[in-house]
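Below is one structure; the comments refer to it alone.
The values are calculated or read from the model by the stated rules, or taken from the named source; none is laboratory data. Just so it is clear, the model here is predicted, and its values are computed rather than measured. Here the Cβ is made from the backbone with ideal geometry for all residues, glycine too, and neighbour counts use every protein chain on show. For the accessible areas, the whole protein counts, side chains as well, though only heavy atoms, and no ligand, DNA or RNA atoms are used. Shrake-Rupley method; radii C 1.70, N 1.55, O 1.52, S 1.80 Å.
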Amino acid sequence: MTQHSDDVSSALRWYFGGGLGCAMLCLAALGLTHRGLDPSGMTRLSRSIQLGFRLIAGVVMTCLPLAKHLKSLHLMGICAGVTSFLVIEETYGKICRGEPIAKLSAGEQDALDQQNEAADTTAASAGVKEKNE
């Protein structure tokens, strides 16, 4: 029976962490050099905050190989967690201000519309009764 060693060579650590970090830093550089298409002040997070998160994530991923005590699973887990955070942050940051984070399903929207129509009908009939009195 062979035993699996959890140690990963330093070169492989730098290839993985450095590659992901370099890619993230390049994405941040692309974001800095291109003109933003979203109207200023309309998104939940400003463009500079989103680019700052990309830069921080790139630096963290690039510096992860320096932590020699991390096992390969921890190294990949941290990179996956940072990437997942960026996806959530970028998605949240692109939502326009005042727009709900989650939209209602078609059935929920129909039920809400029916409730609003019933309330409007009740209010209108109450207004007619007040005029008659």
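Filter the stretch 39-50 down to the residues that are open to solvent by 60 Å² or more (accessible area, probe 1.4 Å) and at pLDDT 90 or above and list them by number.
Hit for the stretch 39-50 is I49, nothing else.
Of G36, G31, which residue is exposed (fewer than 14 other Cβ atoms within 10 Å of the Cβ) and either under 22 Å from I95 (Cβ atoms) or touching a residue at least 12 places away in the same chain (Cβ under 8 Å) (or both)?
After applying the criteria, what remains is G36.
Failed condition for F16, given (1) out of contact with any Gly (no Cβ under 8 Å at 6 or more places or on another chain); (2) part of a loop (DSSP other than H, G, I, E, B); (3) surrounded by 13 or more Cβ atoms within 10 Å (Cβ to Cβ), with all others met?
Of (1) out of contact with any Gly (no Cβ under 8 Å at 6 or more places or on another chain); (2) part of a loop (DSSP other than H, G, I, E, B); (3) surrounded by 13 or more Cβ atoms within 10 Å (Cβ to Cβ), only one is false for F16: (2).
Among the residues of the stretch 21-55, count how many are among the β-branched types (V, I, T) and part of a helix (DSSP H, G or I).
Qualifying residue count for the region: 2.
Here are some residues: S72, S105. Which one is touching a residue at least 12 places away in the same chain (Cβ under 8 Å) and over 26 Å from L32 (Cα atoms)?
S72
So, in the stretch 56-103, how many residues would count as being in a loop (DSSP other than H, G, I, E, B), farther than 18 Å from A11 by Cβ and open to solvent by 70 Å² or more (accessible area, probe 1.4 Å)?
6
Need the failing condition index for F53 against (1) free of Cβ contacts under 8 Å to residues at least 60 places away in the same chain; (2) surrounded by fewer than 15 Cβ atoms within 10 Å (Cβ to Cβ), just the number.
Here F53 clears every test but (2).
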